[in-house]
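After the structure tokens below, expect a handful of questions from me.
The values are calculated or read from the model by the stated rules, or taken from the named source; none is laboratory data. What you are looking at is a predicted structure, and each value in this text was computed from that prediction instead of being measured. Cβ sites come from the backbone with ideal geometry, for glycine too, and all protein chains shown count toward neighbours. To get the accessible areas, we keep the full protein, side chains included, count just its heavy atoms, and leave off ligands, DNA and RNA. Shrake-Rupley method; radii C 1.70, N 1.55, O 1.52, S 1.80 Å.
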Amino acid sequence: MSADLVISNIGTIVSGDVRTPIAPGDTIVVRDGVIASVGDAASADASGIAAVIDAARATVAPGFCDNHTHPVLGDFTPRQLQVDFIDSYLHGGTTTMLSAGEPHTPGRPTDPAGVKALAILAHKSFANLRPSGVKVHAGAVLLEPGLTETDFREMAAAGVTLVGEIGISGVKDAAVAAEMTRWAQACGMQVMVHTGGASIPGSGIVGADFVVQVQPDVAGHVNGGPTALPLDHVERILDETSARVEIVHNGNVKAAGEIAALVARREELPRLVIGTDSPAGSGVQPLGMLRAVSWVASLGGVDAATAVAAATGNVASLHGLHTGIVEVGREADLLVMDAPLGSQADDALGALAIGDTPAVASAIIDGTPRFTKSRNTPPAVRPVSFSN
Ligand SMILES: [Zn+2]
């Protein structure tokens with residue numbers, strides 16, 4: 001799957017790095033699936049590489065890393081009885097997905113042995129399976145009473161790195177959740193807490209008190225999943241924890257804008273991560289990442305390239321992934337994006353700034369172009385051409 005590729009004639013390179021969201025240059029060279037250079041055509045060493053994407057002066061950005069998905073096994077969601085949803089998300093620019101738990105597993109077990117087995121199975125299954133090339137990090141254990149410190153050590157030893165959103169499974173008590181969170185974090189696992197109103201039967205209403213007591217790595221969907229917290233709870237989470245705050249597509253749109261503006265005002269945009277919270281009762285959203293990024297930019301007033309960083313580099317940094325940023329040595333998971341045909345904007349960043357959904361002209365994973373025309377976004381003003 002890893003390939004050599006040159007992307008030439010780039011108009012703008014969005015880096016995915018929240019500190020320097022635009023990278024200079026017009027050419028990216030990929031060797032063996034890894035970014036080998038980012039810069040000007042004159043200084044690029046493309047020797048021996050036949051595969052070329054001419055970006056036609058459009059924008060290149062990292063592929064989106066969806067921080068909040070609910071897969072089960074394979075490219076099928078029992079929640080909405082839909083096949084190939086991951087392939088559809090790729091056509092909306094998602095190249096990496098993180099699981100926030102597999103609650104839609106038919107007959108999901110709720111005993112310690114069962115939840116442990118499910119997390120290990122989901123992790124190992126997606127480690128062996130990349131639907132349409134998408135990198136799915138699954139196996140996010142949903143906490144149930146009775147799990148022990150030894151259980152977390154065993155899960156971590158089997159490769160599990162995620163605790164799914166606390167609040168949607170059996171552990172409702174903050175003290176118990178906090179103790180399990182300490183065990184999980186001691187094993188290097190990332191812990192998410194569900195916040196806001198209840199999502200599905202069995203999930204709870206979780207506010208700032210709970211999050212402050214648990215001290216997770218991520219305060220999940222602070223704009224609601226789907227029902228939002230009051231804004232002063234989000235401020236308390238920012239003040240009294242070091243957690244990332246997450247904005248999702250399947251939440252409250254108005255709250256998404258208000259929270260993005262709040263985080264920007266506080267100059268804490270490195271703490272902002274974006275996901276879809278899908279598949280869910282709200283559905284399957286192939287363009288969910290593009291749309292959530294456009295809300296952060298257009299409603300929250302966040303610079304569009306910085307909003308892209310919250311959906312790429314910030315998520316990669318949270319999970320220690322080697323993707324999400326356009327820099328030498330990273331996995332070449334990239335998008336060519338542009339203004340959609342008919343937009344009032346001139347390019348992808350302009351489209352995001354006015355709330356349009358950009359066109360994904362091409363998605364590239366490990367240097368391999370997966371398509372050169374999305375079937376799900378509007379067409380690009382400047383279509384790419386690929387030669388090999
Ligand atoms: Zn949730």
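So residue 2 clears everything in (1) at pLDDT 95 or above; (2) open to solvent by 10 Å² or more (accessible area, probe 1.4 Å) except one condition, right? Which one?
Only one criterion in (1) at pLDDT 95 or above; (2) open to solvent by 10 Å² or more (accessible area, probe 1.4 Å) is unmet by residue 2, namely (1).
Within segment 250-267, does at least one residue satisfy the condition of being outside any helix (DSSP H, G or I), touching a residue at least 24 places away in the same chain (Cβ under 8 Å) and touching a Lys or Arg at 6+ places or on another chain (Cβ under 9 Å)?
No, that holds for no residue.
Considering each of 103, 109 in turn, give the residue that is open to solvent by 10 Å² or more (accessible area, probe 1.4 Å) and in contact (Cβ under 8 Å) with a residue 40 or more places away in the chain.
Residue meeting the stated conditions: 103.
Same structure, new question: Go over the candidates 66, 40, 45, 54 one by one and state the one that is open to solvent by 10 Å² or more (accessible area, probe 1.4 Å) and either within 30 Å of residue 99 (Cβ to Cβ) or in contact (Cβ under 8 Å) with a residue 60 or more places away in the chain (or both).
That would be 54, the only listed residue that is open to solvent by 10 Å² or more (accessible area, probe 1.4 Å) and either within 30 Å of residue 99 (Cβ to Cβ) or in contact (Cβ under 8 Å) with a residue 60 or more places away in the chain (or both).
Still on this structure, please answer the following. Could you check, for segment 182-201, whether at least one of its residues is within 18 Å of residue 72 (Cβ to Cβ), modelled with pLDDT under 95 and small (Gly, Ala, Ser)?
Yes, segment 182-201 contains at least one residue that is within 18 Å of residue 72 (Cβ to Cβ), modelled with pLDDT under 95 and small (Gly, Ala, Ser).
Residue-by-condition table, conditions (1) modelled with pLDDT of 95 or more; (2) within 20 Å of residue 134 (Cα to Cα); (3) touching a helix residue (DSSP H, G or I) at 6+ places or on another chain (Cβ under 6 Å); (4) of a type outside the set (Phe, Trp, Tyr):
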{"site": "25", "(1), (2), (3), (4)": "yes, no, no, yes"}
{"site": "50", "(1), (2), (3), (4)": "yes, no, no, yes"}
{"site": "62", "(1), (2), (3), (4)": "yes, yes, no, yes"}
{"site": "70", "(1), (2), (3), (4)": "yes, yes, no, yes"}
{"site": "78", "(1), (2), (3), (4)": "yes, yes, no, yes"}
{"site": "89", "(1), (2), (3), (4)": "yes, yes, no, no"}
{"site": "115", "(1), (2), (3), (4)": "yes, no, no, yes"}
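Scan segment 70-83 and tell me whether some residue there is away from the ligand (no atom under 16 Å from the Cβ), of a type in the set (A, V, I, L, M) and without any contact (Cβ under 8 Å) to a residue 24 or more places away in the chain.
yes
Would you mind listing the strands (runs of 3 or more DSSP E) fully within segment 130-223 where at least 3 residues are away from the ligand (no atom under 11 Å from the Cβ)?
135-137
So, in segment 224-234, exactly how many residues are assigned to a loop (DSSP other than H, G, I, E, B), touching a helix residue (DSSP H, G or I) at 6+ places or on another chain (Cβ under 9 Å) and open to solvent by less than 10 Å² (accessible area, probe 1.4 Å)?
Here the count works out to 1.
Could you look through segment 268-281, keep only residues that are outside any helix (DSSP H, G or I) and away from the ligand (no atom under 16 Å from the Cβ), and pick out the one that is most open to solvent (accessible area, probe 1.4 Å)?
That would be 268.
Looking at segment 331-346 only, could you name the residues that are open to solvent by less than 50 Å² (accessible area, probe 1.4 Å) and in contact (Cβ under 8 Å) with a residue 24 or more places away in the chain?
Passing the criteria: 332, 333, 334, 335, 336, 337, 338, 339, 340, 343.
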